[in-house]
Each structure stands twice: as C-alpha cells, then as structure tokens.
Amino acid sequence: MAAVEEKVEVEKVEEKKEVEEKAEAEAEKVETAEEEKEDKEEKEEEKVEEKPKEPEEPKELEADATPLSGPKVKGCALNLEDSTLNVMPSGRLLRTLSEGGMGFLLASVRANTGVKSGRYMFEARIVEQLPVAEAHGARVPQPKHLLRIGFTLEGSSLFLADGTDTVCFDSEGFYTFGKTRTKTGQKFGRDQTVALLVNLQEGSPNQNTVSLFVNGARASKPQKIPENMCGKALFPTITYRSISLEVNLGPVPRKALPFSCHMISSATQADSLQSVSKKGKKECVFPVGLPEQGYFDWLDEFLEKNPGFVELSDRKLIEWAFKSGLGRPKKGGSNDKPDMTFGNPMLDDGSLKRVMQAIAPALQRSFVIPELKSNLVPAERTGALAKYLAQDFTRKAVVVMGAPPKAYQERIQAMMLAEKTTKAELERTKKEKEDERKRLLELRAKKAQEAKNAKKGKDAKETEEAKEEEPKTEDVKMEEPAKVDLTEEEKALLYRPTELPDLSERELSKSYASFSLPSKEEGFDEISYAWQSEDSCSTLLKSWILQKKLTQRAEDLQPGAEFKEAYPKWQKTLQEWRKAQAEYRDPNKRKAAQAKKAEAEKKKLEEEKKKLLEAGDEDAAKALEETAKEKAAPMEIDFEDLDVMGVQDILDLGNGMPLFEKFQYEDWTLLATRYELHLLLNSFKKDLNDPDRPSFGEKHLSYYYSKYFKKAWNFSQFGLEKFEDLLDVIRDSVSMDTSDGFLKAEKPEDTPLEDFVKMTEEHRRERERRVDAGDETAKLKFTRPAARQQEAKGNSKGGNKGGSTAPSTGRTGYGGYGGGSYNSGNSGGGGGYGGGNYSSQKRAYAPSSGNYPAAKQPRTSYGTYGNGGARGGGAYYRK
C-alpha cells in the first residue's frame, strides 16, 4: 500500500517538473522573440537615422585658358548698323526708346565680331529697370522687363529666340534655340553680372556648347549648340526690353569665372570673323511705283540684295511688334497701310510710327521708305524727302513701273508656285485627317455593335470570330502629294496677286489724279528707273491715270458756290409751282385768284388811262380801254393742241390755268429728276475742272448725287428694270455717251427752269397718247415713299369735289422736293427726292384744302387719268 502511494507521489513530482520545464521553455521563446523584435526595431531606427549621401557636384570641365598667339581683332564693338532703331548707346551702356508703345518693343543689337573657333566670353549687367505704362485691360508682352544674351549667325534675325539661327539664355532662367525652350537655371536680374561663354575648342569635353555664369558662378550646365550653327561664326547678340544695361566685350571681365577665359575683344583673327561696314554717306531710297504692279515684291527683292538697308514702313512695325510678343492685328487695310489695331491704346495711337519717323533721320543708317501713295504724290514726297538732310544722306528715287525683267517674273512665279503647293499640301493633310477620323468612328461603332451582340447572348462562335477580326485594321493608304503647277494664265502674269490691295479704294480715289514721277527739282540726288525708261514710265503713268479717271470717283470733290445758289432757287421755284397747281385745282382759290388778277389789271388800266388823259391823248386812252375789254373776255384754250414749247407763261396759259395743271406725282418726280441730273452734271464738270473727266458713269451716280443733294439716289422708286430705261424716259435732258459710258446733259447750263416743265408736259402727253393707243408699256409704275403714301391716305378722307390738290412736298423727311437744311446735314429721308437744302428756308407751303386720292403701291399712271383735275371747271375743251 505504501509502495503504491510512493509511486503515485513520484509520478506527481515528475509531472510537476515536466510542466515547469515546459513553462520555462515557453518563457524563453517569448523572451527570444521580444529580443529579436527589439533588435529589428533598433536596426530600422538606425536605417531611418542614416542620411542619404549627397551627390557629388560635377567636376568643372573647363580649364584655364592658354595664352593666345597670332594677331588679334581690332575695333571689336557692338555694331549699331546691325541693331533695331530703338537701341540708344552711350559708351558701354545701352538704353531704349520708351515713348508710347515703343516701351513694349524689343531692342536688339549684334556685335561686329563673331567667333568661329576657340573659347571666349562676354558679359552683360542690368543697371536699370524702366517703368512700363499700362492701359487697363490692354494686352502687354510678358515679362515686362527682359534680357536675352546669346549668339546669332551673320545676316540672321536680329532678335534672339527668333528662328533657328540663334541660341540664348534669358533673365527668366530659360535656354532657347529654335522652337525649344528649356529651364536651365534661376532667374537673374538687376546688378547681377551675367557672362556667356562659348566653347568651340577642338578636343574640349565641352566643345560646341554655351554656358551661363552669374556673378562668376556657373548658372547652367553646358548647352549644346544646334548643328546648323556649328562651324559658323557666332556673333554676340543682346535683346532686351524696358531696361538699361552694360555690355562688356572685354578685354577684362567684371566678374572672374572659376577658370581663366579670354573675352571676345581679345579674340585672334584666326578664331574670329568681323562684319564689313559700308563707309561713306548713307543712302535714303524712295521707291516710286503703281499699285497692283509688283511694288512690294520688288521691295522684298531689293532688301534681299541690300541687307544693310532698313525698311521704314507700317508692315515692318507690325512684324517688329509681333516678334516682341504683341501678336498681329487682324488682316485689313492695304499693303501700303495695313490695319495696325493691336487692342492697346498706347500702340494704336500711332506713336510707333511717329517716333520712328522722328528718330530715323538722326541715325547713321541707310533707309528704304516704301510709302506707295505718298511717294507718288509730289507734295507728300517732297515733305518726306526734306526730313533727310542732303549733308547726311544720298537721296535717291527708284521708279518701278512697266514690264518687269525676266528674272523678276521667274521669282514671282516661284513664289506663286510655293504658295499654291503649300495650299494644296494643307488641303491634302486636312483630307487625310478627316478620313482617319471617319475610319476611327466606324471602327468604334463596329466594336460597340460587337459588344452589344455579345451582351445579347450571341453564340460563342460568332463572338470568337468577331474577336479574331477585331485586331485586323485596314491599311490606310496615304495619298501621294499632288503635283502642283501654275496655269498658263498664272504664268502670263507680270505681277503676283496679293491678298490685300496695295492701296485702299478710298485712298486711291482721293489721290490718283495727282500722281507724278519724281524730279531732281524736288531735291533728289539721283533718279533711276528699275524696269523701263523714263519716257516709257511717263507714258504709262499718264495712261494709267486717264484710265482711273474713267473708273474712280473724286472723293475730295465738293459742291461749288454756283451749285449752292442754283439748287435752293430750284427748290423754291418748284414749291411755288406746286402751290400754283393746288390753288388752281381748288375752285374757291381759283376764283379768288382770278378776281385778284382782274382787280390788279383794272388798277393798272386806270393808272395808264390817267397818264394818257393827263397827256391829252383821249384816243389812246379809249383804245387802251377797248383792248383791256377784249383781254378780259373769257378765252378758250385748246389744251390738247397747245404748242407746249411755245408757251410764254407756264403759270397762266391765258385763262389762269398753269401748264402743269395735269401733273401727278410721277410727273413732278420726273420733272425733279430731269433738272437735278442736269444741274448735277453741269456742276460736276465745273467744280472738278478736269478736262480728262468731264462727267461720270452710272456706277458713281449715287455717290455724287448724295454728295451734292444731301439725299440718297433711289432708282428703285421708278419701277424700271434698267437705268437705261430711265434715261429713255428723260432723254430730252440726260443721255449716256456710248463711247465711255459717261452721263451727258443734253441742255445748256443756262436753260430756263420753265423749259424742264415743258419737257415734262410733252412727255406726259406722249405717254397719254400711247396708252390711248393701247400701249401698256407707256404706263409708269412709280413707288411713293412711305411717308407720302401715308399723307395721301390721310388727306383722301377730306377734300372737295371741285378738284384735288397735290400734297405738300416741301416738308423735311417726306422724300419730296425740299426740306432739311444744308448746314444741319439733314439727309432728307424718304425716297429719291427728299433731302437737304443749301440755304435756310421757312417751312414749305402746305395746302390747307384739297387732296390727292389715296394711291396703292405701286401706283400706275400715265398722265391725267384717275386724278379728276380736269373736272374742276377749267376753261379749256377737248376735241
């Protein structure tokens, strides 16, 4: 029993020991895990605390310069003959013009010495930032203050960052060549000395590179020079805006670099190239040519052959503004005077041209002044020439007229072919893009349809087939460039057509009559003829002017004193005639007028009798009384058989009736048209006083009619198809010369006003006879102005049975025969016959009773029909 208990006790002890050992093992495991965790965390902390090693700065590959051997260049400096006109030098200091819009333009200058081998440098330092005035909301170039420092090729654009022949760094921290602009460093500014180093040294690790240094420290890595500039002389160039700066070409740098380096002015002759400056007096060339005859193409050719000349023109100012970041104005105006609206008041005020014209004569530069219109007008040509003193310039005129030489024709044909090719290529590219767009749309639609079919549960085979077809794409055939050639008509052209006219129509019309060839009496030192001889050019110019006189209008023509006297007189007389017609058609007024006339004649008779009796001549007094009784007896007038042109008094045919008693609206309109065209043609001839241009054609009738009468010419109111049809109606007064198309007044200038009434009455009778004979074409279908129709409708509500009275025509705006004031510039409104007066008038007569019947539009009339004027009791009869 005891043995059993002892055994049990031993087992318990062993079991307890085993549990304890297991617990200890577990504790050791936990402790080990914690230690490992702590070690891992410590290592991670150490890792975080370790700082990354900073990359080593690249080693400067430029070494100290070796001494130069051989002769050095002389006279290395900035070439002011190769600069923009706003560069203002003073020693090593460069400033710029800043009046008006000039402050927005870039200034640029190139040195006269370029380097083609070796390693050299030059410096620049901004010393002043000029204030830039701005108009609210106006477009200005950015940045306002700018410096570019770089190299250009000889003869390339003066402006850095313009074209593929320049490399430069700018004050904004960019490096630019061609169209590539790369950020290479920090901005630099005022009082910082920037040095530009060019390395063209064979064997150097930095060969064919440029580097920028600021205050002696490298500010950029060496930048590769474009291949097209390698192996050529690179000329130091500075482009700047709204700053003043110092430029140092050497021999001693302002700020030393980390290595020694020679400056541009110390270059050897073997390493450099100097531009040649033409010595002697500068030239001022005035090209003289005709519009649309190759003037500006000749100018471009001249500048290509003479790169030392500076063009002073509006088109060059626009190009300069564009290169300065101001954009281009919309195309408009003419080649001579293009639109120069930039949307900035400081540029649009003409200050650019004004400053250029003021500064150019003071500069030692050769100029070409292509003012097409001004160079043809003697007064303007002489005025421009006087600005360039003979002591400073050789003043030349070059006449560019007539048939150009073969070389010129070949040149413009090449230009036309290039333009045509470019246009064809653009159209081809556009078509290819459109075809590709359509193809992609079709492919997208096809894929969408396939996805839709798969969604609808198409069988796997169809889906698989569709997937197999999906990657297959059709090869897009690129169209070969179409062969472009000039047509025979284009090859026959002497001058290249341009998008804009050389001169605007208005400028041409105002000035062409005064065009002339230059002469030495005007002050020219030399006059040359580029294409044809002086005699040929003179003949050509005269012929050209004469031809223009047949087609151009005289813009500066103004009505003369005689016209201003004659026209108001006509208006007043016309109103009196209309009043006389209205009074005759009113029975009461006619009766009163007859009584007044009888009373006046009786009074006159009594006075004459008294004189005869006082003289003792009773027989003569009795005879006078008998004669008066015969005259007072009622007269019978055969109105239809009346000799119209033989009428002595159109206001009284003998019984108080006026000759124009049967006139309707159409007759009064034709009467006014006859006289006004007669007066216009005679006044034009006298006021213009040009034997080569005695008249004008139908094309300019509206213009001259409006200029003289201050109202619009309204041909549509006559209801006729052609102007010739109107001339046929008034052929007794106005006709057209078939040889030149000019209008011609058929009557002498001093024709009495009454004769125009007689001609109008004759025509009215002729129309009446033709209508009676069944000729419907004789009817007139005039359209009344709206205001007159409304007046006629209003007046038709009243009136009387004794006759109808013509409506008032003298009130302003009615389109009638008077109204308005010349001084006020009233256009008169209404149809073709309302308008201005050349003298102050009282309000025109307006009848108080009687009226026209309402007229429909258009109104058909041929004479006395439909008016009722003959029913008022007139003392005439019709056979």
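The values are calculated or read from the model by the stated rules, or taken from the named source; none is laboratory data. Remember, it's a predicted structure, so these values are computed and weren't measured experimentally. We place every Cβ from the backbone using ideal geometry, glycine too, and count neighbours over all the protein chains shown. To get the accessible areas, we keep the full protein, side chains included, count just its heavy atoms, and leave off ligands, DNA and RNA. Shrake-Rupley method; radii C 1.70, N 1.55, O 1.52, S 1.80 Å.
Once the Cβ-Cβ distance of N655 and D725 is raised to the sixth power relative to R0 = 51 Å, the FRET efficiency obtained is 0.90. Protein heavy-atom accessible surface, 1.4 Å probe, per residue over the stretch 283-430: 43 Å². With a cut-off of 15 Å on the backbone N, the residues of the stretch 718-753 near the modelled label site 7 Å out from L550 along Cα-Cβ are 737-743.
As a rough guide to protection, the peptides 597-606, 239-248 ranked by mean Cβ packing within 10 Å, highest first, stand as 239-248, 597-606. Accessible surface area normalised per residue over the stretch 157-256 is 42 Å², counting heavy atoms of protein chains with a 1.4 Å rolling probe. For the stretch 292-336, a simple Cβ point-charge model (Lys and Arg +1, Asp and Glu -1, everything else neutral) yields a dipole of about 360 debye relative to the Cα centre. Between K187 and E436, the modelled label-to-label distance comes to 4.0 nm, taking each label 7 Å out from Cα in the direction of the beta carbon. Taking all protein chains together, I149, I359 sort by accessible area into I359, I149, largest first [probe 1.4 Å]. Relative to one another, the C-alpha centroids of the stretch 222-266 and the stretch 112-141 are positioned 13 Å apart.
Over 31 Å between Cα atoms: which of K187/K330; K282/K353; K572/K779; K579/K711; K279/K510 fall into that group? With Cα atoms farther than 31 Å apart: K187/K330; K279/K510.
Pairs over the 31 Å Cα-Cα cut-off, from the set K331/K686; K74/K281; K611/K662; K337/K483; K387/K564; K610/K758: K331/K686; K611/K662; K337/K483; K387/K564; K610/K758. Once both labels are positioned 7 Å from their Cα atoms along Cα-to-Cβ, the gap between L68 and S516 label points is 5.8 nm. Rank L153, V140, S171 by how far each Cα sits towards the positive end of the charge dipole of the stretch 139-196 (+1 on Lys, Arg Cβ; -1 on Asp, Glu Cβ) and give me just the farthest. Going by the charge dipole, the pick is V140. Working from Cα pairs under 8 Å separated by at least six residues, relative contact order for the stretch 95-227 is 21 percent.
Computed over protein heavy atoms with a 1.4 Å probe, the carbon and sulfur contribution to the accessible area of the stretch 281-424 reaches 57%. Using the Cα centre of the stretch 264-306 as origin and beta-carbon charges of +1 (Lys, Arg) and -1 (Asp, Glu), tell me which of S277, P291, S266 is placed farthest towards the positive end of the dipole. Looking along the dipole axis, the top candidate is S266.
Element breakdown for the stretch 692-771 at a 1.4 angstrom probe: carbon and sulfur atoms account for 45% of the accessible area. For S716 and T751, the FRET efficiency from 1/(1 + (r/R0)^6), where r spans their Cβ atoms and R0 equals 30 Å, is about 0.60. The phi torsions of the stretch 519-533, fed into the Karplus equation with coefficients 6.51, -1.76 and 1.60 and a -60° offset, translate into couplings of 9, 5, 4, 6, x, 6, 7, 8, 10, 10, 10, 6, 10, 9, 5 Hz, rounded to whole numbers, with Gly and Pro shown as x. The packing ranking of peptides 710-719, 428-437, highest mean first, is 710-719, 428-437, where packing means the average number of other beta carbon atoms within 10 angstrom of each residue. With a 1.4 Å probe and all protein chains left in place, how much of the accessible area of the stretch 120-265 comes from carbon and sulfur atoms, in whole percent? Of all accessible area on the stretch 120-265, carbon and sulfur atoms account for 48 percent. Ranking H763, H262 from most to least accessible surface, computed with a 1.4 Å probe over the protein chains only, gives H262, H763.
Put simply, when 222-229, 118-125 are sorted by average Cβ atoms within 10 angstrom per residue, most first, you get 118-125, 222-229.
Over the stretch 501-611, accessible surface divided per residue gives 58 Å², non-protein components excluded, 1.4 Å probe.
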